[in-house]
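The values are calculated or read from the model by the stated rules, or taken from the named source; none is laboratory data. These numbers were taken from a predicted model, which means no experiment stands behind them. Reconstructed Cβ throughout: ideal geometry from the backbone, glycine too, with neighbour counts over all protein chains shown. Quick note on the areas: whole protein, heavy atoms, side chains included, nothing else; ligands and nucleic acids left out. Shrake-Rupley method; radii C 1.70, N 1.55, O 1.52, S 1.80 Å.
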Amino acid sequence: MAAHAVDPTLETFENDVWWITLIKLFGLFVLLLLLTLFTINYERKVVARMAVRPGPNQVGPNGWLQSLTDGLKLPFKEEIIPKTADKVVYFIAPVISATVAFTAFSVIPFGGVVNMFGQQTALQLTDVPVSVLVLLACSSMAVYGVVLAGWASGSTYPLLGGLRSSAQMISYEVAMGLSIVAVFMTAGTMSTSQIVAAQADGTPVNIFGFDITAPGWYALQLLPSFVIYMIAAVGETNRAPFDLPEAESELVGGFHTEYSSFKFALFFLAEYINMITVSAFCTTLFLGGWRAPAPITTVWEGANSGYFPLIWFFGKVLILLFGFIWLRATLPRLRYDQFMRFGWKVLIPVNLVWILFLAYFKVARSGQLSDEVRWISTGAIALIVLLVAWGWPGTKKPKPVSIQEELAQRPPGSFPIPPMDLQVPPSPRARRSVAERAPATVGGDPETKEV
């Protein structure tokens, strides 16, 4: 008889003995380090495949130990600290980035309740009623590491990179937080383990007298929130095409320009762990967490029991990481003003309208309206929103003005417009003998050899 999955509760984590917690903590730390090494090689190999080139293939079997050797090499490289750097803050900044990156994974569920060395425990380090807020707090604290690194370096380029990065991360963190509100409203909880449990079964829906079971994954039920979260996650992690704080052509690496050796390795580690964290967070909130997809569960009853959920969880995470890599290999970098305008003027307003629409749908579904009235009114509201969005006035390009019209519009006494034919007139302050001199000639023919 196949075993069934057992969902953890908040009491499950209260009953854990201390040595089981230490084992899970150590295992989580080692897992993140191995995932980081794997993700770096994974990215290099996928991008090389897309660019039709070999990629890493020398160190280890088929080059899979290249990231390990790079990680061992970085701490032993020479460390150069600028004289103008604030030594204390310069040291603390990468520690903050790496610490919050590890802490965020403490509330991610990897599976249900399992038997570990004779003890019943969940495949999750800990869980609290507001676990999602813990994740958002960790992503907010990551901004401090970036800003302090740019300021403490005592250099111009890191300072500019830190300011750009802080503005970018704060802006897209607002959009990410709003996209998660829809999950709270639907699941009725902020606990990550309970959000996974809420996606276990489909939601029965009655549409014009027909009983239909909606899919349990919130990626399908809350599709606008899922799309906005994915876009905001790419911006939050400073990945292409939103890697503006590290734009090599403009900022020479951005906030970590003046870092080297082990401190640079910490920033590098934090960046890839953040990629893994937002992918795992997306899996938990929108893709059913550690539960297997429907086709697998229909033919295998024990797919979600024991340690098998680790396979489904990390399979979904690897698919999302592939999306990060695909974007990097495909899209060019955006301009900074385009990127900020898209976050504040597109993502956030669309998210607010979607949340209001979802709130109305939840109230209408509570039983105060009949099914027909609820669906007709919901469709009418959606149609009105689409019509308003379609007819919303956009920015019109100004009519091109000729040089003569522009000259006529300028007030008298204003600064003269330089000539467009690149013929610079002589300076009125120059002596007449210099201003009116004859053009130089080369050779014996003064009419054809004028220069």
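Is it true that Arg333 is touching an Asp or Glu at 6+ places or on another chain (Cβ under 8 Å), open to solvent by 40 Å² or more (accessible area, probe 1.4 Å) and not in a helix (DSSP H, G or I)?
yes
Take the conditions (1) modelled with pLDDT of 75 or more; (2) open to solvent by less than 40 Å² (accessible area, probe 1.4 Å); (3) closer than 20 Å to Met185 by Cα; Gly343 misses just one of them, which is (3). The residues of segment 307-322 that are out of contact with any strand residue (DSSP E or B) (no Cβ under 8 Å at 6 or more places or on another chain) and not in a helix (DSSP H, G or I) amount to a single one, Phe308.
Remark: pairs (first residue in segment 43-56, under 21 Å from Ile319 (Cβ atoms) and modelled with pLDDT under 90; second residue among the small types (Gly, Ala, Ser) and open to solvent by less than 100 Å² (accessible area, probe 1.4 Å); Cβ separation under 6 Å; 6+ apart in sequence or on different chains) = Gly55/Ala48. Screening segment 288-306 for residues that are part of a loop (DSSP other than H, G, I, E, B) and more than 18 Å from Leu123 (Cβ to Cβ) and picking the one that is most open to solvent (accessible area, probe 1.4 Å) gives Trp300. Exactly one residue out of Thr121, Thr156, Thr126, Thr186 is under 20 Å from Phe226 (Cβ atoms) and among the β-branched types (Val, Ile, Thr): that is Thr186. The C-beta contact set for segment 118-135 (first residue free of Cβ contacts under 8 Å to residues at least 60 places away in the same chain, second residue assigned to a loop (DSSP other than H, G, I, E, B) and of a type outside the set (Val, Ile, Thr), distance under 7 angstrom, 6+ apart or interchain) comprises Leu133/Met190.
Out of everything in segment 59-87 that is part of a loop (DSSP other than H, G, I, E, B) and among the charged types (D, E, K, R), what residue ends up being most open to solvent (accessible area, probe 1.4 Å)?
Of everything passing the filter in segment 59-87, Lys83 is most open to solvent (accessible area, probe 1.4 Å).
Inside segment 148-170, residues that are out of contact with any Pro (no Cβ under 7 Å at 6 or more places or on another chain) and closer than 18 Å to Asn238 by Cα make up a count of 11. Taken over segment 88-112, the criterion of being part of a loop (DSSP other than H, G, I, E, B) and aliphatic (A, V, I, L, M) is satisfied by Ile108 alone. The set of residues in segment 140-191 being assigned to a helix (DSSP H, G or I) and of a type in the set (Val, Ile, Thr) consists of Val143, Val146, Val147, Thr156, Ile170, Val174, Ile180, Val181, Val183, Thr186. Which of the residues belonging to segment 255-287 are within 21 Å of Ala198 (Cβ to Cβ) and not in a helix (DSSP H, G or I)? Selection gives Leu287 alone.
Kindly indicate whether any position in segment 257-272 is over 29 Å from Val107 (Cα atoms), out of contact with any Gly (no Cβ under 6 Å at 6 or more places or on another chain) and of a type in the set (D, E, K, R). Yes: segment 257-272 contains one or more residues that are over 29 Å from Val107 (Cα atoms), out of contact with any Gly (no Cβ under 6 Å at 6 or more places or on another chain) and of a type in the set (D, E, K, R).
Taking the criterion of being open to solvent by less than 40 Å² (accessible area, probe 1.4 Å), part of a helix (DSSP H, G or I) and touching a strand residue (DSSP E or B) at 6+ places or on another chain (Cβ under 8 Å), the residues of segment 1-58 that qualify are Thr12, Phe13, Ile20, Lys24. Scanning segment 238-259 for residues that are over 17 Å from Gln338 (Cα atoms), open to solvent by 30 Å² or more (accessible area, probe 1.4 Å) and at pLDDT below 65 returns Glu248, Ser249.
Taken over segment 101-143, the criterion of being β-branched (Val, Ile, Thr) and open to solvent by 20 Å² or more (accessible area, probe 1.4 Å) is satisfied by Thr103, Val113, Thr126, Val128, Val130, Val134. Taking residues in segment 301-330 that are within 18 Å of Leu31 (Cα to Cα) and of a type outside the set (A, V, I, L, M), and partners anywhere that are part of a helix (DSSP H, G or I) and modelled with pLDDT of 90 or more, the pairs with Cβ atoms closer than 6 Å and at least 6 places apart or on different chains are Lys316/Thr283.
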